[in-house]
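Following: one structure in structure tokens, then a few remarks.
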Amino acid sequence: MAEQNKTRTRRQQPVDNTYAHVQPQATEIERAVLGALMIDKDAYAIVCETLTPESFYEPRNQKVYRAIMELSLKERPVDIWTVTEQLAHQGDLEMVGGPGYVTELSSRVASSANVEYHARIIAQKSLARQLISFSSNIQTKAFDETIDVDDLMQEAEGSLFELGQRNMKKDYTQIDPVVKNAVAVIQKASANKDGLTGVPTGYHKLDDITSGWQPSDLVIIAGRPAMGKTSFALSMAKNIAADFQVPMAFFSLEMSNVQLVNRLISNVCEIQGSKILNGQLQQDEWERLDKRLNKLLGAPLYVDDTPGLSVFELRTKARRLVREHGVKIIMIDYLQLMNANGMRFSSRQEEVSVISRSLKGLAKELDVPILALSQLNRGVESRDGLEGKRPQLSDLRESGAIEQDADMVLFVHRPEYYHIYEDDKGRDLHGMAQIIIAKHRKGATGDVLLTFRGEFTRFENPEDKRLRADHQSDDGGGEILGSKMNGGMPTDPNASPFDLGDASGPVPF
């Protein structure tokens, strides 16, 4: 007789034959949680962030929890009578087993003391089932020879990212440890005479406003073509990695590693990009190359030129770079060339919104600033006058979510490009660039004037220009380190005469 009861018990165990195994489940705990929700009016508030109807394995338990959820959202009492009424209203009462099943659930428990712990068990079982479903789907498609493996990889990354986002929970914290951390940051800043609390840019006026690039911030650097936003990013990369020795990663979706390095060589060695391309250097330029190249060699700069980089690939690589190389800042050139393959979107704007939101989430997760370059739409070109040509937040291309997610938005603007040679304060704009801080969530906005040396793809502090002029005067008026400024952008070089090793990313200098 006892053996018959054991057999009957095994037959009652719900089995999902899809995977030839009993799916991860805890049906008895599901019933205990539902019972606890009907005897304690405060229990739902404890589990609502952990459980959804889909978290339950048994379909009838899903329906009961949905009824409890509907009642709680409407701020109505939750007990066996109201739940029974709600199930009848939903048309699910007979499907769950009638009023008798609801009464049975309530009679199973005497206390809701362990409801939070039990809810976590249910959530873990649900996540395990989702992972099984995910892996089985990918495995089935991997056997299909008509499906491109690269596309399948993108889909797998996207699906796993969505699964992680849905199940990622961060609990609240009491304010005391947060206050202590904030005070520690203030004390650290007070020890720095320059007031920097973040990664320095090397541009004094910009650092005065931002106090350096701050951890967990998403910074958008935008501009129209030919404004020099990539040159600005590379100039900062040189300052950060070579001058300040701060480990950083540069993801270049537009240029190859060799092209990017050529620009850095032009920047550091003050040699025109065209000469680096054709190798026709003068004797003083060869000497300068030999002398200054050491500033780049050994710099903690990690370059990755993966084309069509997805936001999911970026997350994987960024985590590794932070973990293995202590990277403190990440740059991306540029945002609109990224994708979110593996996820489905009704429009490109929606995809860019997901990318933007993901970058902000990654900055918070890794606690490093992420600087992403962005395109502007053509609205700037259609406007007239000094103020008309000035970029606006509404000019950000493809998605208003970029402005919303960013902690800071900067525009790189060269009025000289539009034949505007003087600003509203009467300052000379020949060879100058405006770095316009249009949004700053943590501080002031404003403009910073920098010197733009187009032939070297380089941005400098204006005082550096004066120092060069003084040096020129001391040397009897000779030309200083290269040709005269022409304000133009050099053509991107396609090859380099210098062998800097394997260019497959990420590449440390």
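The values are calculated or read from the model by the stated rules, or taken from the named source; none is laboratory data. Fair warning: this is a prediction, and the values are worked out from it, not measured in the lab. For neighbour counting, all protein chains shown are included, and Cβ atoms are generated from backbone atoms with ideal geometry for every residue, glycine included. SASA here: full protein model, heavy atoms, side chains in, ligands and nucleic acids out. Shrake-Rupley method; radii C 1.70, N 1.55, O 1.52, S 1.80 Å.
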If I model a spin label at K41 and E58 as a point 7 Å from the Cα along the Cα→Cβ vector, what separation in nanometres do I get? 2.8 nm
Check which residues have an amide H placed less than 5 Å from I329's amide H, if you skip close sequence neighbours. A249
Protection proxy ranking of 297-310, 438-451 - average other beta-carbon atoms within 10 Å, highest first: 297-310, 438-451
Which entries in the list K238/K364; K125/K364; K328/K364; K229/K317 go over 20 Å, if you measure between the two C-alpha atoms of each? K238/K364; K125/K364; K229/K317
State the extension gain, in nm to one decimal, for the chain segment bounded by Q245 and S394, taking 0.36 nm per residue of separation less the distance between their alpha-carbons. 50.0 nm
For the stretch 269-309 versus the stretch 203-251, the gap between their alpha-carbon centres in whole angstrom: 19 Å
Heavy atoms of I220 accessible to a 1.4 Å probe, total area in Å² rounded to 10: 0 Å²
Packing rank of 45-51, 72-78, 331-337, 241-247, where each peptide gets the mean count of other beta carbons within 10 Å, highest leading: 331-337, 241-247, 45-51, 72-78
Compute the relative contact order of the stretch 238-306 as a whole-number percentage, counting only Cα pairs closer than 8 Å that sit 6 or more residues apart in sequence. 56 percent
Please work out the FRET efficiency for the pair S135 and V22, using the Cβ-Cβ distance as r and a Förster radius of 25 Å; give the result to the nearest 0.05. 0.90
